[in-house]
Amino acid sequence: MTSERGLQKSHNINDDTMEELALALEENKESALEDIDLSFNNITDAGAKRLVQALKESNNQTLRQIDLAGSNVSCSPDKRIRI
């Protein structure tokens, strides 16, 4: 589900669907997303890295927050995703 300012959560997102989301973000360079709520999904470090790569590619300047709480993304300092 999307709104003008954010992408709201769905509990059916995994790394495969994250790839589809990443491709859509890369294709839509005019995106003005401010918030992405992907909490409590089955997203791993690989899916999170793919999302960051897509956001860099899309050159998004408006994003303030990505919520990945409750997913399978690593929290250890040595595996943090750098933006």
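Show the residue pairs that are 6+ apart or on different chains and have beta-carbon atoms under 8 Å apart, the first residue being within region 23-35 and farther than 12 Å from residue 55 by Cβ, the second being in a loop (DSSP other than H, G, I, E, B) and acidic (Asp, Glu).
Filtered contacts from region 23-35: 32/4.
Starting from residues that are of a type in the set (S, T, N, Q) and over 23 Å from residue 75 (Cβ atoms), keep the ones in region 13-54 and report whichever is modelled with the highest pLDDT.
In this case the residue turns out to be 28.
Quickly run through region 21-65 and pick out the residues that are farther than 23 Å from residue 11 by Cβ, touching a Lys or Arg at 6+ places or on another chain (Cβ under 9 Å) and assigned to a helix (DSSP H, G or I).
57, 58
The values are calculated or read from the model by the stated rules, or taken from the named source; none is laboratory data. Just so you know, these numbers come straight off a predicted model, no measurement behind them. With ideal geometry, Cβ positions are generated from the backbone for all residues, glycine too; neighbour counts draw on all protein chains shown.
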